[in-house]
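Working notes, structure below.
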Amino acid sequence: MKDTRLLQIFQNVKDTICKYDYYIHISKKIIHLSNTEDKIPHLMGLQYAGRPKQYTGDFGVYAVKKGRITMQSLEKLVQKYYRTEEKQHRILEVIHLKLDNLSFLPEMFASYSKLYLYDLGKHEDSDFDSDYLMVHEMEDRTLHLGIIKKGRQEKNLCQCNSFMATYKKDKNSDSFYRDLEHCYEISRIVREEKMTKKAETIYLSSMAECRERTGIEKMLRAGGIGADEKLVTEIVKVNLKFGIYHTMDMLNDGAGLLAKCVDKREKALVSDFIALWEERRNGAQP
């Protein structure tokens, strides 16, 4: 039977990082993350297989898709190009740390825990040849995603260029970021589908949500509408679903809100909000 495990990992990563653009909000800056599939072999650790950089970039993509390199052939390639058993073991360990944890990438962008972005700047001692390091701490492991600027195409336009996981049982599990000075808590991540441009907020920090709720309450009071908790919560849901902050004019445009919906769930969410909105505008109390 054909070994397609490496191809499946490649495809899952592609579905996560190439189908969408991500807008990562930190203090006074929004990082626009837009990826192409030629970076995926490097995230998978295939730069360590074969000759230097043989299986990276476009050829790495081609090799994975055509089965030129598979999970089975990885060990043989490492044994061929690294002489000592100790080196072979270390390289295979690094590769599998990446491959075994790439399935957690979707959770990294839509985490229930706090997310942080570190500015690597000119930190010469870093193991990541990146401009930023996104860190997601899970219960038993930590995920690290290296992000690099895409040159001068667009300010703050970036792409993923490296990935690594460490386990918390190891004493140096935080070694990639513990000495970095510039750390920012990520307040919001908006995911936008490249084909349809449909946007959705998939991560919102507790502090950012608190600020958003306060802003909504002020907006409602200024518009003469009672800012009860149920209404504020429904507006937050609508904001998250469409990835934008809705003003009073936008909330009053029920037809415009329904026109954004692409499936039954979105229509149900918006219909419930419109019904509640009409009640509150007509003076109904919670």
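Need the failing condition index for Glu217 against (1) closer than 22 Å to Ile189 by Cβ; (2) in contact (Cβ under 8 Å) with a residue 12 or more places away in the chain; (3) of a type in the set (Asp, Glu), just the number.
(1)
Pick out the one residue from Glu192, Glu181, Glu154, Glu107 that is over 21 Å from Lys39 (Cβ atoms) and either open to solvent by 70 Å² or more (accessible area, probe 1.4 Å) or touching a Phe, Trp or Tyr at 6+ places or on another chain (Cβ under 8 Å) (or both). Spell out how you get there, then give the answer.
Working: Glu192 fails: over 21 Å from Lys39 (Cβ atoms); Glu154 fails: over 21 Å from Lys39 (Cβ atoms); Glu107 fails: over 21 Å from Lys39 (Cβ atoms).
Of Glu192, Glu181, Glu154, Glu107, the one residue that is over 21 Å from Lys39 (Cβ atoms) and either open to solvent by 70 Å² or more (accessible area, probe 1.4 Å) or touching a Phe, Trp or Tyr at 6+ places or on another chain (Cβ under 8 Å) (or both) is Glu181.
Considering (1) of a type in the set (A, V, I, L, M); (2) modelled with pLDDT under 95; (3) part of a helix (DSSP H, G or I), say which one Ile30 fails and leave the rest.
(3)
Do we have any residue at all in region 76-91 that's open to solvent by less than 30 Å² (accessible area, probe 1.4 Å) and under 29 Å from Leu157 (Cβ atoms)?
No, every residue in region 76-91 fails to be open to solvent by less than 30 Å² (accessible area, probe 1.4 Å) and under 29 Å from Leu157 (Cβ atoms).
Condition check: open to solvent by 30 Å² or more (accessible area, probe 1.4 Å) and among the β-branched types (Val, Ile, Thr). Does Ile30 satisfy that?
Numbers: open to solvent by 30 Å² or more (accessible area, probe 1.4 Å): yes; among the β-branched types (Val, Ile, Thr): yes.
Yes.
Of the conditions (1) more than 30 Å from Met164 (Cα to Cα); (2) assigned to a strand (DSSP E or B); (3) of a type outside the set (Phe, Trp, Tyr), Ile202 fails just one. Which one is it?
(1)
Would you pick out the residues in region 174-197 that are outside any loop (DSSP other than H, G, I, E, B) and charged (D, E, K, R)?
Once the filter is applied, which keeps residues that are outside any loop (DSSP other than H, G, I, E, B) and charged (D, E, K, R), region 174-197 yields Glu185, Arg188, Arg191, Glu192, Glu193.
Confirm whether Leu231 is touching a residue at least 24 places away in the same chain (Cβ under 8 Å), over 28 Å from Asp15 (Cα atoms), among the aliphatic types (A, V, I, L, M) and crowded, with 18+ Cβ neighbours inside 10 Å. Quick ask: steps written out before the conclusion?
Numbers: touching a residue at least 24 places away in the same chain (Cβ under 8 Å): yes; over 28 Å from Asp15 (Cα atoms): yes; among the aliphatic types (A, V, I, L, M): yes; crowded, with 18+ Cβ neighbours inside 10 Å: yes.
For Leu231, the condition - touching a residue at least 24 places away in the same chain (Cβ under 8 Å), over 28 Å from Asp15 (Cα atoms), among the aliphatic types (A, V, I, L, M) and crowded, with 18+ Cβ neighbours inside 10 Å - is met.
With region 240-286 as the region, which helices (runs of 4 or more DSSP H) entirely inside it contain at least 3 residues that are open to solvent by less than 20 Å² (accessible area, probe 1.4 Å) and either in contact (Cβ under 8 Å) with a residue 12 or more places away in the chain or in contact with a Cys (Cβ under 7 Å, 6 or more places away or on another chain) (or both)?
264-281
The values are calculated or read from the model by the stated rules, or taken from the named source; none is laboratory data. Fair warning: this is a prediction, and the values are worked out from it, not measured in the lab. Glycine gets a Cβ as well: all are built from the backbone with ideal geometry, and neighbour counts include every protein chain shown. Note: areas computed on protein heavy atoms with side chains; ligands, DNA, RNA excluded. Shrake-Rupley method; radii C 1.70, N 1.55, O 1.52, S 1.80 Å.
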